[in-house]
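Chemist: One structure is given below, represented as structure tokens, and several questions about it will come after.
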Amino acid sequence: MRSFNGKPLSPDNDKTLNEAINSSTDPFGGNVTIRLKEFNLKGGYKPSTYGMIKGATNFFLLGIGSDEASALSAGYRFEKVVLKATEIGLGTCWIAATFKGTDFDRGEVWRNGEALKIICPVGIPEKQRMLEKFGRMALGSNKRKPFEQLFFTDDFKEPLNPHSHFGEPLEMLRLAPSSTNSQPWRALVSGNTVHFYYKPKSPASVLDCGIGMCHFYLTEEYLGRKGEFFKTDSAPNPPDNWKYLYSFRETE
Ligand SMILES: Cc1cc2nc3c(=O)[nH]c(=O)nc-3n(C[C@H](O)[C@H](O)[C@H](O)COP(=O)(O)O)c2cc1C
């Protein structure tokens, strides 16, 4: 959502979101700090998104370390907060590009190695403006790549059957948001293990994968399954220039 009603969050919603921030964990061990901040738009301090976002007074600010683990942690941990906001009827929009050079983090102190890399407005959504509709259309925001182009089995020789065991968690990953809707995630299923890869598309591709893997894991949990993420040297070599990222093994 890129258009909001101009009103600050209610104290209840503010509390719920701060609780979501504080309880959000991830399995990758990276550095990420998430803050929820209200901006007084009548004061001199105007955070700018160059017109991309209208009527938002509350923004999440994400300070993220510069390594792979931090990008994964940021995507995974903050997507849980975004899903909580969605659950309580609020709109959000991950923003990595259209705030660069503005002073969102004036006065903020970030932990060692972190830098403000993502902002995200949050509030009551308003009717979409024309600009927003065109923006979404230009990015192809409503379109996701078909399942069979992303997920494979049998050493990448066969597209994965969407009705197979990991079909539903991977379908939820497929629907996740990504920077410029680039959907860099790829996966190979081998028995009770899913190997995650990505096709580098933007500086945020690894972070995008953290978002997708969050959707994957939450769906596994929803289905009553248990498992863990791990790194291995023996993941099958991917085609093209895809890069190996992480694996997930189901244990129950
Ligand atoms: C990491 C990340 C960075 C993004 N950066 C921007 C951005 O700078 N500007 C923008 O308009 N949309 C950006 N988006 C896209 C929107 O947040 C949103 O995901 C997209 O419009 C698709 O929305 P949908 O999931 O409702 O289809 C970004 C998304 C992600 C995941």
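The values are calculated or read from the model by the stated rules, or taken from the named source; none is laboratory data. Keep in mind that this is a model prediction, so the values were computed, not measured. Using ideal geometry, Cβ is built from the backbone for each residue, glycine included, and neighbour counts are taken over all protein chains shown.
Chemist: Considering the range 82-102 alone, what residues qualify as being in a loop (DSSP other than H, G, I, E, B) and among the basic types (K, R)?
Modeler: K100 - this is the single residue of the range 82-102 that is in a loop (DSSP other than H, G, I, E, B) and among the basic types (K, R).
Chemist: Within the group I119, I211, which residue is touching a Phe, Trp or Tyr at 6+ places or on another chain (Cβ under 8 Å), in a strand (DSSP E or B), among the hydrophobic types (A, V, I, L, M, F, W, C) and within 16 Å of the ligand (Cβ to nearest atom)?
Modeler: Every option except I119 fails the conditions.
Chemist: Since D105 meets every condition but one in (1) in a loop (DSSP other than H, G, I, E, B); (2) under 20 Å from T25 (Cβ atoms), which condition does it not meet?
Modeler: If we test D105 against (1) in a loop (DSSP other than H, G, I, E, B); (2) under 20 Å from T25 (Cβ atoms), just (2) comes out false.
Chemist: For Q183, which of the numbered conditions (1) closer than 27 Å to G30 by Cα; (2) at pLDDT below 95; (3) of a type in the set (S, T, N, Q); (4) within 13 Å of the ligand (Cβ to nearest atom) fails to hold?
Modeler: Single failed check for Q183: (2).
Chemist: Here's another thing I want to ask about it. Of all residues in the range 84-114, how many are among the aromatic types (F, W, Y) and more than 10 Å from the ligand (Cβ to nearest atom)? Can you show your working first?
Modeler: Quick first cut of the range 84-114, residues among the aromatic types (F, W, Y) only: 94, 99, 104, 110.
Now drop any that are not more than 10 Å from the ligand (Cβ to nearest atom), which leaves 104, 110.
So the answer is 2.
Chemist: Among residues belonging to the range 161-178 that are in contact with a helix residue (DSSP H, G or I) (Cβ under 6 Å, 6 or more places away or on another chain) and either among the hydroxyl-bearing types (S, T, Y) or outside any helix (DSSP H, G or I) (or both), point out the one that is farthest from G210 (Cα to Cα).
Modeler: P162
Chemist: Of (1) surrounded by fewer than 17 Cβ atoms within 10 Å (Cβ to Cβ); (2) modelled with pLDDT of 95 or more, K143 satisfies all except one. Which?
Modeler: (2)
Chemist: Output the number of the condition that K37 fails; it satisfies all remaining conditions of (1) surrounded by fewer than 17 Cβ atoms within 10 Å (Cβ to Cβ); (2) closer than 26 Å to L173 by Cβ; (3) more than 16 Å from the ligand (Cβ to nearest atom).
Modeler: K37 satisfies every listed condition except (2).
Chemist: Ok, one more. Mind checking whether some residue in the range 156-172 is within 26 Å of I95 (Cβ to Cβ), in contact with a strand residue (DSSP E or B) (Cβ under 7 Å, 6 or more places away or on another chain), within 16 Å of the ligand (Cβ to nearest atom) and outside the structural domain of A97 (by TED's automatic domain parsing)?
Modeler: No: the range 156-172 contains no residue that is within 26 Å of I95 (Cβ to Cβ), in contact with a strand residue (DSSP E or B) (Cβ under 7 Å, 6 or more places away or on another chain), within 16 Å of the ligand (Cβ to nearest atom) and outside the structural domain of A97 (by TED's automatic domain parsing).
Chemist: Still on this model: Which numbered condition trips up A138, out of (1) within 16 Å of the ligand (Cβ to nearest atom); (2) touching a residue at least 12 places away in the same chain (Cβ under 8 Å)?
Modeler: (2)
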